[in-house]
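The block underneath contains the structure these notes are about, expressed in structure tokens.
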Amino acid sequence: MKVAHLTSVHFPFDTRIFARECASLSSAGYGVCLIAPAAEEQSVDSIKVKPIARFKPGLRRMLLAGFQLYRAALRENAALYHFHDPELIPLGLLLKLHGKRVLYDVHEDMPKLLLDKYWIPKWLRKPAAGLTAMIEALAARLLDGIVAATPPIAARFRSPNTVTVQNFPRIEEFSDCPPQPYDQRENIVAYVGVITAHRGARELVAAMGSLPPELKARLVLAGEIRPARLHDELARSQVAQLLSKARIGLVTLHPLPNYVESYPVKLFEYMAAGLPVIASDFPLWRKIVKEANCGILVDPTDPCAIAEAIQWLLEHPGPARAMGECGARAVQAKYNWMTEERKLLDLYARLTA
């Protein structure tokens, strides 16, 4: 049975879309087509990638990319369509008019995210957020299901076919790179992910400058390599290698509304790699870190607090190693993709029966 994933925003080899959802569906026996901004048509791991042009954010992308996706989607004549961007809600409704089954994958709390968009005038942010919430609520009533990335996002939708599929790591991503014994590792403090001011980059650099020189600590920032799939594979491989040598994983995002109620993938990747974490003290993250006993919570806007946490973990390798081991056990038992994959496959089975 053919299913199609649609995006106008993400690169085709996005971790959640390609490496998690499409890969799981393909392994379960579905014929999977991914229509996304790409340079060429290709088939990767039995997943067909169909290209559309890439446009800059804005009305032009919504119209032109949406039209290209619409034509390409109809050509595929799939049994089920699964789109990943809020700007594609009109496309999803059009596909419903053609009698198709359609899912909306909600990666982020978009109404809250709009409240912090610098390119939207301040007086317009609340009305834009409210209108977006109304459109998404309407879509939930008309579409066949919602796939939410976190429980707080899922709570916004009343559709009976709302499932929470969290972006937890695949355990096998870290099994190919055995970690070094913790006591033999360098004093590397690692950050994996997009590097921006809102994600705490300035505070991390400032914190490293506050550490005693004799610790010989090094901050290593690993960002994404785009756009080719080879680059993406190399990036994931390098992440696993980096984390196998590091002593600490950093996830100190600022307290913006969209971050406070989201699950950062990097937190679970650090835990899977057996690293103690230093994380922003948000209620949702506090529950995970405290229950797993896997790290230290800090004020992400305070470089001194971050520096103190780094110094303590580097000077106390025994407790740090124990925290890392606790985090790894939590991922093995709970925070892994296999637990989420089943929910996605169950939803597909219901809708394509």
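Here, each number is a calculation from the coordinates, and none is a lab measurement. Not measured: the values here are computed from a predicted model. In this analysis, Cβ positions are derived from the backbone assuming ideal geometry, glycine residues included, and neighbour counts consider all displayed protein chains.
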Query raised in the report: Calculated from the structure, Rg and Dmax of the Cα atoms in Å equals which of (1) 20.9, 67; (2) 24.7, 106; (3) 21.7, 74?
Result: (1)
Query raised in the report: GNM on the chain, C-alpha springs below 10 Å: top fluctuator among Glu261, Glu325, Glu40?
Result: Glu40
Query raised in the report: Between Ser175, Ala129, Leu345, whose Cα lies farthest towards the positive end of the dipole of the chain when Lys and Arg beta carbons carry +1 and Asp and Glu beta carbons carry -1, centred on the Cα centre?
Result: Ala129
Report summary line: Along the dipole axis of the chain (charges at Cβ: +1 for Lys and Arg, -1 for Asp and Glu; origin at the Cα centre), the most positive-end residue among Leu95, Ile278, Tyr335 is Leu95
Query raised in the report: Going down the table (Lys48/Lys100; Lys2/Lys287; Lys50/Lys287; Lys126/Lys290; Lys48/Lys343), which pairs top 31 Å between alpha carbons?
Result: Lys2/Lys287; Lys50/Lys287; Lys126/Lys290
Query raised in the report: Treating the beta-carbon of each Lys and Arg as +1 and of each Asp and Glu as -1, no other charges, what is the dipole magnitude of segment 172-333 about its Cα centre, to the nearest 20 debye?
Result: 100 debye
Query raised in the report: Looking only at Cα atoms, what is the convex hull volume of segment 172-333 per residue, in Å³?
Result: 106 Å³
**Report entry** Choice from His107, His98, His254 showing the highest fluctuation, given a GNM over the chain with Cα pairs closer than 10 Å
**Finding:** His98
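Only sites in a loop by DSSP and with at most 16 other Cβ atoms within 10 Å count here; which trypsin sites (Lys or Arg not before Pro) in segment 56-155 make the cut?
Passing sites in segment 56-155 are Lys117.
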Query raised in the report: Which lysines have a Cα less than 22 Å from the Cα of Lys216, not counting those fewer than 8 places away in the same chain?
Result: Lys245
Query raised in the report: Can you give the helix-only mean residue ellipticity at 222 nm for the chain, where every DSSP H stretch with n ≥ 4 adds -39500 (n - 2.57) and the sum goes over all residues, rounded to the nearest 500 deg cm²/dmol?
Result: -12500 deg cm²/dmol
Query raised in the report: What is the distance in Å between the Cα centres of segment 12-46 and segment 305-325?
Result: 39 Å
